[in-house]
Structure formats: C-alpha cells, structure tokens
Amino acid sequence: MKFSIFDRPSEDRPMLALGLLLFGVSLLSLQDSLIKLFAPHTSFWQLQLIRSSFNMLFAIGLAALAGGLHLLWPQRLWPAVARGMLLAVCMLCFFGASQQITVAQMATGLYTYPLFITLLAGPVLGERIGPWRIGALVLGAVGCLLVLDPFADGGSYFQIVPVLAGFFYACNVLVLRRYCRTESPLALAFVVALVFMLTGFGGAVGLEAFDAPASWQQAVPFIFVGWPPLAIGMVGVFACFSALNLIGNLFLSRAYQTADSSWLAPLDFIYLLFVAMWGRVLFESWPAPLAWLGMAMIAAAGIVTAMREQRRDPSSAPPAQAGSGRRE
C-alpha cells in the first residue's frame with residue numbers, strides 16, 4: 001500500500017493543500033515553542049544529533065511503508081546536501097538565542113526570509129525587482145523593527161540573531177526552487193536529517209574537545225555547551241520533537257507541491273499567529289500591540305512578495321515553497 005503524501009506530485013488539489021498547510025504549520029510552531037521551553041535542559045548540538053537520529057529512523061520506517069527505501073534518495077544529491085547545510089546554519093541562528101528572546105521574536109526573525117529573497121533575486125537569479133517588491137521590502141523591514149525593537153530598554157543583539165536565520169532560509173529557498181522542486185518530500189527530509197545528525201555530532205565533539213570560554217558558556221549555554229548530562233526523559237522529549245518535525249515538514253512539503261502559491265502563500269504566515277498562541281500558553285507572554293502590528297506588516301510584505309513572484313513567472317516555484325523542511 002502506498003501513501004500518496006510521499007510520492008512526487010502529479011496534480012493540484014487546493015483544498016487538500018490548505019488542510020495540509022494548516023496542520024503542518026500548527027505542528028511546527030508547537031515544536032519550535034517546545035524547543036525553547038526545553039532549551040535549558042539540553043544543547044543545540046545534542047538536540048540536532050538526537051532529534052535528527054529519530055528523524056532518520058522515522059523516515060526509513062515511512063519509506064518502507066510507502067513503497068521502498070528508494071524514496072529516501074534524492075534525484076540530485078548535492079543540491080539536496082547544500083540545502084541541508086543552509087538549513088543547519090538557519091536552525092543554529094533560529095534557536096541559538098532562544099533562551100534570551102521571546103518565541104515571537106524568533107519567529108519574526110525567521111519570517112524576514114521573503115525580504116532576503118527580494119534582495120537576492122537580482123544578483124543571484126538575475127531578476128528585475130519592481131516597485132511592489134521594493135515596497136514590500138521596506139514594509140517588512142519596518143515590521144521587523146517593531147517586533148524585535150532592538151533599541152528598547154533591555155534590548156540586546158540577541159534579538160537580531162533570528163534575522164540571520166531568515167537570510168539562510170532565503171538561500172535555502174533559492175536552492176530548493178531551482179534544483180529540488182521535483183524531489184520527494186521524504187527524500188528531502190532524509191537528507192536534511194543526515195546533515196543535521198553529522199553537524200550535531202561535529203559540534204558536540206568539537207566543544208567537548210575544545211571548551212568554549214566560560215563567559216560564552218554562561219551567556220549562551222545552548223550553543224557553547226557541547227554535551228550536557230542527558231536525562232532519560234529528554235530522550236522521549238527528543239522523540240516527540242522528531243515526530244512533530246518530520247510530520248509537520250512532510251505535510252508542509254506536500255501542501256506546496258499540491259497547489260498554486262497564490263492560494264497558499266498568505267496562509268503560511270499564520271505560523272506567526274500559532275507561535276504567539278503557544279507563547280501565551282507555554283511562557284505566559286503575549287506580543288505588545290506594536291509587535292502585533294509589526295507581525296502583520298511582515299505577513300503582508302511576505303504575501304506581496306509571493307504574489308508578485310507568481311505573477312512574474314507562474315511556472316516557477318514560489319518563495320514560500322521553502323516551507324518544505326523550513327524548520328527541520
């Protein structure tokens with residue numbers, strides 16, 4: 001028996017894509033919020049190694065159920081590996097300052113990726129950037145400043161770090177849309193899991209062999225501690241992270257391969273609303289009024305960018321398609 005969600009896309013089904021996107025985004029926003037919650041009990045490298053190991057096991061099991069282990073191998077290996085490396089750096093920036101900033105600020109930084117796509121489209125893809133996308137770039141930049149508010153009392157440079165995640169995610173978009181659009185979502189997830197496992201192992205071993213300065217470990221323990229003591233309960237937590245991650249990304253991948261971007265791109269930004277909701281539930285924090293305005297501006301800028309991209313070239317993969325594996 002084959003599960004169609006794992007096969008390569010064959011036709012557009014907009015309503016199915018809508019449901020897949022909403023379900024995938026809800027799972028990924030929950031995963032991201034839970035990682036922030038448990039960050040004091042682990043390290044980024046430990047998280048990457050153990051969670052991605054579970055991801056690989058789940059992917060192998062799903063491939064066996066879906067029709068064979070051949071589904072795990074991409075048609076073009078090196079672009080898939082390059083995308084995995086970009087996502088590894090993206091996740092380092094996204095989660096790196098999670099103990100110092102709010103989950104809404106983390107999400108806002110990541111969702112600047114359409115702005116970077118606009119900036120990179122000219123020099124990388126040779127595209128002409130028109131007034132609509134320039135306006136969206138300005139709107140999104142102002143919205144980002146409203147949410148991150150780096151100049152407020154108590155502000156810090158940590159609030160800028162997730163914006164770097166948006167940049168590397170945008171780079172991942174360019175690789176995905178040009179080289180990996182027709183890949184099986186399961187193959188993309190498997191390659192990313194392999195890259196994450198290797199980078200997690202390398203980071204943990206490196207920091208255990210060569211200790212970072214004590215001041216760095218104290219300031220950002222999630223990044224500069226290699227392998228903290230591992231409680232048995234945390235293994236179960238990592239398995240839950242893996243299930244949320246893999247299922248959410250598979251559903252999001254299939255969504256963007258099953259419908260037109262103009263149908264889905266606006267709804268991808270509901271992730272910001274889900275993150276705000278989980279922030280309220282898990283951390284008893286709620287974005288300030290200006291932060292809500294900034295999030296709306298970023299969402300509007302992303303929607304305009306995606307829709308103008310679709311008008312420019314209806315056959316091209318949308319920027320938002322990078323949702324396939326965006327928070328792996």
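What to note about this one:
- Fewest-first sequence of ARG254, ARG51 by Cβ atoms within 10 Å of each Cβ: ARG254, ARG51
- Sorted by Cβ density within 10 Å, fewest first, the residues MET277, MET91, MET85: MET277, MET85, MET91
- Net charge of the neighbourhood of PHE38, taken over other residues with C-beta under 14 Å away and scored Lys/Arg +1, Asp/Glu -1, is +1.
- Cβ-derived FRET efficiency at R0 30 Å, ALA231 paired with ILE60, nearest 0.05: 0.70
- Gyration tensor verdict on segment 67-203 (Cα atoms; rounded if a/c is under 1.5, prolate if a/b is larger than b/c, oblate otherwise): oblate
- Note on LEU18 and TRP78: the model spin-label points, each 7 Å out from Cα along the C-beta direction, lie 4.3 nm apart.
- Each residue of segment 213-224 is assigned a 3J(HN,Hα), and the resulting list reads x, 4, 5, 5, 4, 6, 6, 9, x, 4, 9, 9 Hz, derived from the Karplus form 6.51 cos²θ - 1.76 cosθ + 1.60 (θ = phi - 60°), x at Gly and Pro.
- Of the residues VAL304, VAL281, VAL103, the one with the fewest other Cβ atoms within 10 Å heads the list, and the complete ranking is VAL281, VAL304, VAL103.
Every number here is computed from the coordinates shown, using simple stated rules; none is lab data. Because the structure is predicted, anything quoted here is derived from the model rather than measured. Glycine gets a Cβ as well: all are built from the backbone with ideal geometry, and neighbour counts include every protein chain shown.
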